[in-house]
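The values are calculated or read from the model by the stated rules, or taken from the named source; none is laboratory data. No experiment lies behind these values; they were computed from the predicted model shown. Every residue, glycine among them, receives a Cβ derived from its backbone with ideal geometry; neighbour counts consider all protein chains shown. The accessibility values were calculated without ligands, DNA or RNA, using every heavy atom of the protein model including side chains. Shrake-Rupley method; radii C 1.70, N 1.55, O 1.52, S 1.80 Å.
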Amino acid sequence: HDSEGHKVNNERLEFLGDAVLGVVIADYLFTHAPQGNEGYLTQMRAKIVSREQLNMIGRNLHFEKAIKSSFPASKIPCDVYGNTMEALIGAIYKDRGYEKCRKFIYRVIIEPYVNIKTLEHKVGSYKSLMIQLAQKSHKSIAFEVCDEKSEDLQKLFGVRLMLNGKCVAKG
């Protein structure tokens, strides 16, 4: 709660941080990937600011030490790290301005984690890749949710990959 008794959460800062991060990454790619068309730049930005990437960076920065939670650090849901990263970027932007925030993003995200050549080969979405492969081989494809259950704050579920009506994988 804030000093006036209102419940406080970081969702508004996450929203702002996500937008500022997107602008900084877009500007970086515009400058450092001059050969890239709009589709390429969009795909690369998505890989850099993906939930998986932000969660990993947040874990590497040991955000669990700063997160107040009734759960032990090992039980904190993964997305909390990426959300915290976005909220931190939003807070830096509000407190210190765009230029300080841009420098923070370069120091903490771009310099240690962004390599354009490596990211070009990173699969952004395995689901999209599977759909493309199925379409190339003229097979029908479907993903079916199965085995739903809840554990702590996370909802867990299984997915079956169906090719031509036959289950070929489950995860």
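Going through the range 94-111 one residue at a time, which ones are at negative phi and open to solvent by less than 50 Å² (accessible area, probe 1.4 Å)?
So the first thing to find is which residues in the range 94-111 are at negative phi, and the list is 94-96, 98-111.
Of everything in the range 94-111, those that are at negative phi and open to solvent by less than 50 Å² (accessible area, probe 1.4 Å) turn out to be Cys101, Phe104, Ile105, Tyr106, Val108, Ile109, Ile110.
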Fill in: One residue from Gly97, Gly82, Gly124 being at pLDDT 75 or above and closer than 23 Å to Gln43 by Cα
Gly82
Response to the item:
The one condition Gly58 fails out of (1) among the small types (Gly, Ala, Ser); (2) touching a Phe, Trp or Tyr at 6+ places or on another chain (Cβ under 7 Å); (3) free of Cβ contacts under 8 Å to residues at least 24 places away in the same chain is (3)
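Which members of the range 69-82 meet the condition of being in contact with a helix residue (DSSP H, G or I) (Cβ under 7 Å, 6 or more places away or on another chain) and either crowded, with 20+ Cβ neighbours inside 10 Å or basic (Lys, Arg) (or both)? Can you show your working first?
First, the residues of the range 69-82 that are in contact with a helix residue (DSSP H, G or I) (Cβ under 7 Å, 6 or more places away or on another chain): 73, 76, 78-79, 81-82.
Once the filter is applied, which keeps residues that are in contact with a helix residue (DSSP H, G or I) (Cβ under 7 Å, 6 or more places away or on another chain) and either crowded, with 20+ Cβ neighbours inside 10 Å or basic (Lys, Arg) (or both), the range 69-82 yields Tyr81, Gly82.
Residue-wise test of (1) farther than 14 Å from Val108 by Cα; (2) open to solvent by 60 Å² or more (accessible area, probe 1.4 Å); (3) outside any helix (DSSP H, G or I); (4) of a type in the set (A, V, I, L, M, F, W, C).
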{"site": "Tyr40", "(1), (2), (3), (4)": "yes, no, no, no"}
{"site": "Arg45", "(1), (2), (3), (4)": "yes, yes, no, no"}
{"site": "Asn55", "(1), (2), (3), (4)": "no, no, no, no"}
{"site": "Gly58", "(1), (2), (3), (4)": "no, no, no, no"}
{"site": "Glu64", "(1), (2), (3), (4)": "yes, no, no, no"}
{"site": "Ile67", "(1), (2), (3), (4)": "yes, no, yes, yes"}
{"site": "Thr84", "(1), (2), (3), (4)": "no, no, no, no"}
{"site": "Ile92", "(1), (2), (3), (4)": "no, no, no, yes"}
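Just to be sure before I move on: is Gly36 open to solvent by less than 80 Å² (accessible area, probe 1.4 Å), small (Gly, Ala, Ser) and in a helix (DSSP H, G or I) in the structure I sent? Steps first, answer last, please.
Working: open to solvent by less than 80 Å² (accessible area, probe 1.4 Å): yes; small (Gly, Ala, Ser): yes; in a helix (DSSP H, G or I): no.
Against the criterion (open to solvent by less than 80 Å² (accessible area, probe 1.4 Å), small (Gly, Ala, Ser) and in a helix (DSSP H, G or I)), Gly36 does not qualify.
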Item to complete: Evaluate the range 131-154: report whether one residue or more is open to solvent by 90 Å² or more (accessible area, probe 1.4 Å), small (Gly, Ala, Ser) and either out of contact with any Leu (no Cβ under 6 Å at 6 or more places or on another chain) or at pLDDT below 80 (or both).
Response: yes
Worksheet item: Do we find that Arg51 is among the basic types (Lys, Arg), surrounded by 17 or more Cβ atoms within 10 Å (Cβ to Cβ) and touching a helix residue (DSSP H, G or I) at 6+ places or on another chain (Cβ under 8 Å) in this structure?
Response: no
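For residues that are within 24 Å of the chain's Cα centre (by Cα) and basic (Lys, Arg), scanning just the range 155-171, find the one that is modelled with the lowest pLDDT. Can you show your working first?
Initially, the range 155-171 is screened for residues within 24 Å of the chain's Cα centre (by Cα), giving 155-161, 170-171.
After this cut, where a residue has to be basic (Lys, Arg) as well, the list is 155, 160, 170.
Details: Lys155: 72, Arg160: 86, Lys170: 84.
Restricting to residues being within 24 Å of the chain's Cα centre (by Cα) and basic (Lys, Arg), the top hit is Lys155.
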